[in-house]
Ligand SMILES: Cc1cc2nc3c(=O)[nH]c(=O)nc-3n(C[C@H](O)[C@H](O)[C@H](O)COP(=O)(O)OP(=O)(O)OC[C@H]3O[C@@H](n4cnc5c(N)ncnc54)[C@H](O)[C@@H]3O)c2cc1C
C-alpha cells in the first residue's frame with residue numbers, strides 16, 4: 001500500500017488557471033487529468049486551507065461522526081454465515097440538527113450490526129455520536145453495543161462482556177457526516193480539475209462502486 005504525506009495546498013497552473021497539483025508535507029503530487037479531494041471528515045478543513053487566499057468562498061460543512069465497533073476474537077458462542085444489520089442503522093444516518101432538535105446532537109445512537117471478519121472474529125456494532133475528532137474508546141458505548149446485540153442474539157445475554165476482556169478489541173472510526181445526509185461529490189466550482197468526494201457517513205464502502213462509475217463517466221465526457 002502506498003501512503004502519502006499530508007496534503008497542504010493545491011497548486012494552480014499559471015497559464016491555464018487549472019488545479020494541477022497538490023503540495024504535501026513531503027513533495028508535490030501532480031494529477032494528470034484531475035485531483036480528487038477525498039479526506040473524509042477532514043475534507044471541510046482541508047478545503048478551507050486549499051482555497052485560502054484564492055478569492056473563492058466554499059463551505060463544505062462535513063463533520064466527524066464517531067463510531068465504535070466491538071471485535072471479539074475466538075468467539076465460539078455465536079458464529080454467523082452472513083452479516084446482519086437492524087433497520088435503525090439506515091434510519092440513524094441522518095439526524096435533524098436544526099434548531100429545536102439540539103438534543104439529537106447529544107444523542108448516542110446504537111444500532112445492531114453483526115459480521116464475521118476474515119479472521120473469524122465476531123464484529124458487533126455500531127454507535128454514532130458527535131464528539132469532534134476525538135477517537136478515544138468510551139466503555140459505556142461499548143456496553144451499549146453489547147446490550148443491543150443481546151436484544152437480537154439472546155444467547156449473548158447469558159455472557160458477560162467482562163469475561164471477554166482479553167479477547168476484546170474496539171475499533172473507532174469517524175464517519176464523514178453532511179447535515180443533509182447526502183454525499184458531496186463532483187467538480188469544485190471555481191477550481192477546475194479539482195473534484196470533491198466526501199460526506200458518505202455510514203455508506204462510504206457501499207457507495208464506492210457508484211462513485212467510481214461517476215468519475216469514469218465524467219472522465220469519458222471530457
Ligand atoms: C463503526 C463504523 C462502521 C461502518 N460501517 C460501514 C459499513 O458497513 N458499510 C459502509 O459502506 N460504510 C461503513 N462505514 C462508513 C465508512 O467507513 C465511511 O463512509 C468511509 O470510510 C468514508 O470514506 P472516506 O474515504 O470518504 O473517508 P475516510 O475513510 O475517513 O478516509 C479519509 C482519509 O483521508 C486522510 N486525510 C485527512 N486529511 C488529510 C490530509 N490533509 N492529507 C492527506 N490525507 C488526509 C485521513 O487520514 C483518512 O485516511 C462505517 C464507519 C464506521 C465508523
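The values are calculated or read from the model by the stated rules, or taken from the named source; none is laboratory data. As the structure is a computational prediction, the values presented were derived from the model and not from experiment. In this analysis, Cβ positions are derived from the backbone assuming ideal geometry, glycine residues included, and neighbour counts consider all displayed protein chains.
Going through (1) more than 9 Å from the ligand (Cβ to nearest atom); (2) in the same structural domain as residue 191 (by TED's automatic domain parsing); (3) crowded, with 18+ Cβ neighbours inside 10 Å one by one, residue 70 falls short only on (2). Of 199, 204, 181, all but one fail to be in contact with a helix residue (DSSP H, G or I) (Cβ under 9 Å, 6 or more places away or on another chain), closer than 20 Å to residue 91 by Cα and surrounded by fewer than 16 Cβ atoms within 10 Å (Cβ to Cβ); the exception is 181. Taking the range 1-92 and the strands (runs of 3 or more DSSP E) fully enclosed by it, the elements with 2 or more residues that are within 20 Å of the chain's Cα centre (by Cα) and over 20 Å from residue 192 (Cβ atoms) are at 63-72.
For the range 163-177, the set of residues classified as touching a strand residue (DSSP E or B) at 6+ places or on another chain (Cβ under 9 Å) and surrounded by fewer than 20 Cβ atoms within 10 Å (Cβ to Cβ) consists of 164, 167, 168, 169, 170, 171, 172, 173, 174, listed by residue number. I'd like to know if the range 187-195 contains one or more residues that are in contact (Cβ under 8 Å) with a residue 24 or more places away in the chain and near the ligand (Cβ under 8 Å from one of its atoms). No: zero hits.
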